[in-house]
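Participant: A single structure is presented below for examination.
The values are calculated or read from the model by the stated rules, or taken from the named source; none is laboratory data. A quick note: this is a predicted structure, and the numbers were derived from the prediction, not measured. FYI the Cβ positions are ideal-geometry reconstructions off the backbone, even for glycines, and counts take in every protein chain you see. Calculation scope for accessible area: heavy atoms of the full protein, side chains included, ligands and nucleic acids excluded. Shrake-Rupley method; radii C 1.70, N 1.55, O 1.52, S 1.80 Å.
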Amino acid sequence: MSTAREREALEERLVELLYDELPPDEAEALRAQLAEHPDVAERLAQWQALRRAAAEVPELEPDPQVHYDILRAARLAADEAAGEATKPPWWAFLVNLSFAPALAALGLVVLGAGMLLVLTRTYEDAAVPRQEAPAAGEPTAAQAPAPAGGDALAAEKAAPAWPPRRRRRHRVARQGAPRRAGPPRRSTIRTRRRPRATARRPTRSSASWRASRRLSR
Amino acid sequence: MLNLILMALRRRAAPPGDDDADEVLMERFRKGDARAFERLLERHEKAVYNFIFRLVRDRELAHDLLQETFLRVVKNAKGYSPKAKFTTWLYTIARNQGIDALRRAKHRRHPSLDQAQGPDPDGRTLMDKLPGNSDDGFERTDASEIRVRVEAAIDRLSDEQREVFVMREFQQMPFKDIAGVVGVSENTIKSRMRYALENLRLALADYADDLPNAVDPVPARSRA
């Protein structure tokens, strides 16, 4: 009984012995058992002979063209992989912060130049006189002759009102007044104050005061 | 700047050596080193081709499958994990290619007795390989004759037994690795190997006396 079990175990391990996949001590023990089972030993010998015969089977050489085709595809893939490997990671901008001082200096220069330009223009505006002296012999608004008759005040009232200030007109427009057709209106925001070509007109209150004075005379 | 220096250094890295493990070469290829793949191809191309040829027994088809196998290696290189053994992965791909091709060709494969067998298109036919076809029955069997008989006997093995026999005998793969490729237990592989050896022994029983003597342990084949 034990011999039958031994034989079965021996046959199961025969393949491992044939291909030398057993530890040396186990292989030695198995070879010792083979002496008790000559038929199993004979099978092992035949398998070994079979292996010797199989070793004579020649190996085939693959087609070199296949080799080159595979290599070409591999080189393309490798180039692609190398390109991806050298692509900067998302945190690469942190490395680029080393250029920050130079960028800051450039920003300061630009800012300084801009401020200098603004200040220069402001100074030019301040240097230009806002009111030009009226030409000789030309009456000013204050010296304009009053309408004949005693209804100077009525004439004052009938006179066309001073055009409202632009800001006021702008407000009215923003309150929902219909837009007029025609070319686009110029912006009401004045970026640069131009010197007035004519003398400033007297305000309404001062004109009516002067008219009332003339009447009282 | 630092990136540029690193790139230059990487490109000037030492070429892959002969002693580099397959897994190391594969890792280098994943990073864009084409020479590493070239080394892998030189190392395994012939063995994989012979493995596929033993499975499908058709040279042209074996060439196509060899190309497809390595192209899949290239394509799936990103998904390769260095923890897995490269040869196991490679032969799994090759085996799957072979099995698919066998399934496709199964319905149309009817080998004729006059069809040339083996790699040589002008080689011996199946009729020539059948035992007992000599005129006098006493024809002396030489080494090439034995070789042809062995090849024919291997071809007649079942697909399961043949793939195990080829991987262990011709590719020198341990049973454990074969189990990884085939996807079954190691004991199942050993069992298939026993059946394969027995079938080959019975198929070559007529030539038992002509087989090389097996007094000494079988030396390891020089194939790698």
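Participant: For region B:38-52, give me each residue that is more than 16 Å from B:A94 (Cβ to Cβ) and either facing another protein chain (nearest Cβ under 9 Å) or without any contact (Cβ under 8 Å) to a residue 12 or more places away in the chain (or both).
Facilitator: Start the filter on region B:38-52 by keeping residues that are more than 16 Å from B:A94 (Cβ to Cβ), which leaves B:38-39, B:42.
B:E38, B:E42 - these are the residues of region B:38-52 that are more than 16 Å from B:A94 (Cβ to Cβ) and either facing another protein chain (nearest Cβ under 9 Å) or without any contact (Cβ under 8 Å) to a residue 12 or more places away in the chain (or both).
Participant: Right, next: Filter region A:25-68 for residues that are basic (K, R) and more than 7 Å from chain B (Cβ to nearest Cβ); which is surrounded by the most Cβ atoms within 10 Å (Cβ to Cβ)?
Facilitator: Among residues in region A:25-68 that are basic (K, R) and more than 7 Å from chain B (Cβ to nearest Cβ), the one surrounded by the most Cβ atoms within 10 Å (Cβ to Cβ) is A:R43.
Residue by residue, here is whether (1) open to solvent by less than 20 Å² (accessible area, probe 1.4 Å); (2) at pLDDT 90 or above; (3) at positive phi holds:
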| position | (1), (2), (3) |
| --- | --- |
| B:R162 | yes, yes, no |
| B:F170 | yes, yes, no |
| B:N187 | no, yes, no |
| B:R194 | no, yes, no |
| B:N199 | no, yes, no |
| B:D210 | no, no, no |
| B:R223 | no, no, no |
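Participant: Do any helices (runs of 4 or more DSSP H) entirely within region B:49-153 hold 2 or more residues that are over 14 Å from the mean Cα position of the chain (by Cα) and modelled with pLDDT under 65, and if so, which?
Facilitator: B:126-129
Participant: Across region B:67-80, what is the total count of residues that are touching a residue at least 24 places away in the same chain (Cβ under 8 Å) and more than 22 Å from A:G83 (Cα to Cα)?
Facilitator: Looking only at that region, the number is 2.
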